[in-house]
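The values are calculated or read from the model by the stated rules, or taken from the named source; none is laboratory data. Quick caveat: nothing in here was measured; it's all calculated off a predicted structure. Glycine also receives a Cβ, built like all others from the backbone with ideal geometry; neighbour counts cover every protein chain displayed.
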Amino acid sequence: MLGDMTETDPAEARIGLRLYRRRWIVLAVVALLNNSNTMSWIAFASIANHVNAFYGNEHAANWFSLIYIVCTIPVGAVAMWLGSRFGLRTAILISACANALGAIIRFCSSFSPLDIRFAVGMIGQALAASAYPFIMFLPTKVAATWFSENERALATTIGVMSNPLGVLLANIISPQVVQKAADVPMVNAITLVSPIITCLIAVFCVKSSEPKIPPSLSASQTQMGFFAGIFVAKTKLYEETMKVCLSLAVVVGLVFLQLTLHPNLEVYIIIGCLLFGAFGLASYPVGLEISAECTFPVSETTSTGLIVLSGQFQSILYVALMEIFSKPLQPSYMHIQVCTTGEDNEQTVPKDNTNAVIV
């Protein structure tokens with residue numbers, strides 16, 4: 001039994017607290033779900049020209065990404081209700097099964113006739129996209145339900161940061177594996193492995209939504225309180241941290257965009273990526289934790305879900321703005337662009353998105 005009985009908090013004297021080792025298995029399942037689902041989402045972004053050629057549709061790569069936004073909005077409300085009503089295990093199983101089934105169908109599209117290949121791939125991608133709303137609130141929910149107060153920052157960070165790790169892996173692996181349109185099935189095969197393994201672990205290892213004995217006093221209550229990040233937990237500068245990180249991320253992002261328009265600046269581009277990730281991603285877990293505190297005693301399932309749904313609505317607006325304000329890439333920049341290569345040139349038109357990003 002864990003937990004100290006203090007004079008300042010006599011309620012703890014009446015509640016037995018315990019940490020279960022299987023909490024790490026639950027967290028690992030959530031992290032793998034978040035990671036593999038994000039890889040399925042982003043895997044085609046860096047090889048759009050080859051994907052468009054393989055699926056015989058000039059907008060295929062865009063639709064494989066946009067379907068996540070389209071599915072998240074209607075499914076999101078259902079996911080929040082099911083997660084609150086039937087518990088953590090139900091959300092994990094639904095998301096794991098949908099994620100695995102979607103990956104299987106998308107893999108099968110690799111061997112489908114060209115006239116139905118894109119449709120089959122989109123069906124699989126839509127299923128995987130339907131899993132995302134169930135996954136989005138799991139990190140904070142698992143941290144609150146299974147971990148002690150001094151472990152929640154670590155648990156939340158592991159669960160949340162597995163998402164950008166998926167983005168990183170997808171953008172590293174896909175360009176290395178795919179050199180021509182015929183190589184696209186290799187990406188579908190690679191993104192199939194993790195969802196299947198994660199689904200099996202979820203089905204056989206996640207046995208309950210919450211531990212029989214709570215890990216902390218706040219976890220024993222109907223709703224939980226505040227989770228603090230490592231930095232903000234000590235400084236208490238929650239609002240200031242968000243403002244500084246987001247502002248610097250915007251500035252670095254604009255500088256990065258200009259760097260990509262000039263040759264032989266690879267080192268500075270890498271530094272820009274690192275800084276953008278450091279500032280931008282730092283605000284993500286802090287924002288989720290702030291939302292849980294600001295909306296207390298509302299469940300973190302609801303607060304996190306509403307934030308992600310808001311992001312999906314904004315994504316639709318931003319995608320539309322990018323299409324409106326982007327312009328064809330100037331001929332003087334064509335020698336440094338990497339959007340089109342070899343046999344797939346006719347499928348993708350390089351564009352300059354400087355104005356679109358500024359807007």
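Structure values in brief
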item: Subset of the stretch 17-62 [without any contact (Cβ under 8 Å) to a residue 40 or more places away in the chain and closer than 23 Å to Leu88 by Cα]; result: Arg21, Trp24
item: Any pair with Cβ under 9 angstrom, 6 or more apart, that starts in the stretch 304-315 at a residue that is under 21 Å from Ser84 (Cα atoms) and ends at one that is among the charged types (D, E, K, R) and modelled with pLDDT of 70 or more; result: Thr304/Lys141
item: Residue check for Met161: surrounded by fewer than 24 Cβ atoms within 10 Å (Cβ to Cβ), closer than 29 Å to Ile316 by Cβ, modelled with pLDDT of 85 or more and not small (Gly, Ala, Ser); result: no
item: Conditions (1) in a helix (DSSP H, G or I); (2) without any contact (Cβ under 8 Å) to a residue 12 or more places away in the chain; number of the one not met by Ala91; result: (2)
item: Set Asn62, Asn37, Asn57: member being in contact with a helix residue (DSSP H, G or I) (Cβ under 8 Å, 6 or more places away or on another chain), at pLDDT 80 or above and surrounded by 21 or more Cβ atoms within 10 Å (Cβ to Cβ); result: Asn37
item: Contacts under 6 angstrom Cβ, first residue in the stretch 119-141 being within 19 Å of Val160 (Cβ to Cβ), partner among the charged types (D, E, K, R) and not in a helix (DSSP H, G or I), 6 or more apart; result: none
item: Qualifying position, being over 13 Å from Trp41 (Cβ atoms) and either modelled with pLDDT of 90 or more or in contact with a helix residue (DSSP H, G or I) (Cβ under 6 Å, 6 or more places away or on another chain) (or both), among Ala103, Ala131, Ala170, Ala79; result: Ala79
item: Any hit, the stretch 223-230, residues being in contact with a helix residue (DSSP H, G or I) (Cβ under 8 Å, 6 or more places away or on another chain), at pLDDT 70 or above and surrounded by 15 or more Cβ atoms within 10 Å (Cβ to Cβ); result: no
item: When residues of the stretch 171-196 are limited to those that are aliphatic (A, V, I, L, M) and closer than 20 Å to Pro133 by Cα, the one surrounded by the most Cβ atoms within 10 Å (Cβ to Cβ); result: Leu192
item: When residues of the stretch 60-88 are limited to those that are assigned to a helix (DSSP H, G or I) and among the small types (Gly, Ala, Ser), the one nearest to Ala126 (Cα to Cα); result: Ser65
